[in-house]
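Just below is one structure, and these are the notes that go with it.
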């Protein structure tokens, strides 16, 4: 028996297909045969984990789903016709993260439609924006989501696994989906140079083994939950000249994005120089006051970066094309201050 969500998605797909069928009939009648000639450089074929996407001409109307993907077109000077509303780190509640708002103000033009994804992809809202392409290189789309979206427009999915796309691959795949692969390559190079310049000011960061704890439950410190090297937060440490602790690397061998170790086995993290987590000074005091967790060198030495929970700074620790520049200097300075406390 199919689930209610499955039936709802199927109904939405049928409705979307009907709308698209009517518009296709109209556009076909108005299009001369000469216009079917393939534009220079097209078709473009993009292989990804959810299928193969083919673009026959450069998209003009770009829509994005899930929370990061709008940053690539914006960084390349294109305002999406629609994008997902932010539901984490949105300090003023307008559905737009501050670095995205700054770019939208800079570019001007018509404001994007904000898709409410609280309960999943809003397929009808996406279809209403009449996109030529839908970007989702960093996302958690299911195959069913992808198939339904593909009824609306060509969709660029993630290259390997859900929520695992690096900021470089996010730019690479989404820029290809816009017919702007070369511009995407230049954007990657520009960000890499910016990161390199910022990190160069803090030589004490070089090689420091750094670990990212997940959200800490102050009522239960019996387990240590952390992000592995497959999570984008942990992977970004290497861009900043930091190192992945061997203990975390060992925990990453099964390709999972997070791991858990009993507090009684916390000595496995004796190789951690710096610890990053979500929280504040109270979180740091809580960790240092725990008889087991305080044995971790980073905690014992106070080499901790506590990022305000659900804040723009905390959100930006997960590197994205626009957030990196927005948070870089502050984040690197916080890490350097922690590195000064590491032995």
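Values as computed for the structure displayed
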{"read-out": "Helix-only CD estimate at 222 nm, as mean residue ellipticity for the chain, using -39500 (n - 2.57) per DSSP H run (n ≥ 4)", "value": "-12000 deg cm²/dmol"}
{"read-out": "Cα-based helix-to-principal-axis angle, 4-30 vs the chain, degrees rounded to 10", "value": "40 degrees"}
{"read-out": "Sorted peptide list for 324-330, 64-70, 191-197, 311-317, criterion being average Cβ within 10 angstrom, highest first", "value": "64-70, 311-317, 324-330, 191-197"}
{"read-out": "Antiparallel bridge percentage (DSSP; both residues within segment 203-341; nearest 5)", "value": "45 percent"}
{"read-out": "Values of log10 I(q)/I(0), in the order q = 0.16 Å⁻¹, for segment 69-133 under a Debye, Cα-only, solvent-free model", "value": "-0.52"}
{"read-out": "Relative contact order %, the chain, counting alpha carbon pairs below 8 Å whose residues are six or more apart", "value": "16 percent"}
{"read-out": "Kirkwood Rh (inverse of mean 1/r, distinct Cα pairs), segment 203-341, angstrom", "value": "14.8 Å"}
{"read-out": "Label point distance in nm, residue 54-residue 329, each placed 7 Å from Cα along Cα→Cβ", "value": "4.9 nm"}
{"read-out": "Value of Rg to Rh for segment 276-316 (Rh from inverse mean 1/r over Cα pairs, i.e. Kirkwood)", "value": "1.02"}
{"read-out": "Answer label for Cα extents along the principal axes in Å (calculated), chosen among (1) 70, 38, 38; (2) 74, 51, 37; (3) 61, 60, 45", "value": "(2)"}
{"read-out": "C-alpha long axis of helix 167-177 to longest principal axis of the chain, angle in °", "value": "0 degrees"}
{"read-out": "Between helix 98-107 and the chain: long-axis angle, C-alpha atoms, 0 to 90°, nearest 10", "value": "40 degrees"}
{"read-out": "Cβ crowding within 10 Å averaged over residues, with 232-239, 277-284, 135-142 ranked highest first", "value": "135-142, 232-239, 277-284"}
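Taken together, the values in this text are just the output of simple stated rules run on the coordinates, not laboratory data. Bear in mind that the values here come from a model prediction, so they are computed numbers and not experimental data. When we count neighbours, we look across all protein chains shown, and the Cβ atoms used for this are built from the backbone with ideal geometry, even at glycine.
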